[in-house]
1. Summarise the accessible area of the chain (1.4 Å probe, protein heavy atoms) by the percent that is carbon and sulfur.
2. Keeping every protein chain present and rolling a 1.4 Å probe, give me the accessible area per residue for the chain in Å².
3. Need one word for the chain: rounded, prolate or oblate. Basis is the Cα gyration tensor (sqrt eigenvalues a ≥ b ≥ c); a/c below 1.5 gives rounded, then a/b vs b/c decides.
4. If each of F91 and N47 carries a label point 7 Å out from its Cα toward its Cβ, how far apart are those two points in nm?
5. Okay, helix-only estimate at 222 nm for the chain: each DSSP H run of n ≥ 4 adds -39500 (n - 2.57), divide by all residues, round to 500 deg cm²/dmol; what do you get?
Amino acid sequence: MTTTIETDLKEILGKIEQRFDRLDQRLDRIETDLTDLKISQAKLDGNFVRIEEKLESIDNRVQRLEDSQNKQIWALILAILGALITVTIKFGFFPNP
């Protein structure tokens, strides 16, 4: 039992052409999406550069604050030592009469 299918060659070629058209549309969409992704990536790279610069700036500011605090601590220690030496001299060597 053999079946013979008669279809017009135009119909088959039309269907194949429709499928190719759909594939072309999909490829165009994929290409557009890829272009958008590349643009987004370029923007992100620019943002990372700016973020790195800001982090470097913040790091420098923190370093300056640490240096300033160290100087303030040493000044406080010297002030306390000076006060202790002054009290010791005043009351140790020159007692009240």
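The values are calculated or read from the model by the stated rules, or taken from the named source; none is laboratory data. Because the structure is predicted, anything quoted here is derived from the model rather than measured. Counting neighbours? That spans all protein chains shown, and the Cβs are built from the backbone with ideal geometry, glycine included. Each accessible area value is taken on the protein alone, full model and side chains, heavy atoms only, with ligands, DNA and RNA left out. Shrake-Rupley method; radii C 1.70, N 1.55, O 1.52, S 1.80 Å.
1. Of all accessible area on the chain, carbon and sulfur atoms account for 61 percent.
2. Ligands and nucleic acids excluded, the figure is 102 Å² per residue.
3. prolate
4. Output for this residue pair reads 6.4 nm.
5. Mean residue ellipticity at 222 nm (helix-derived): -31500 deg cm²/dmol.
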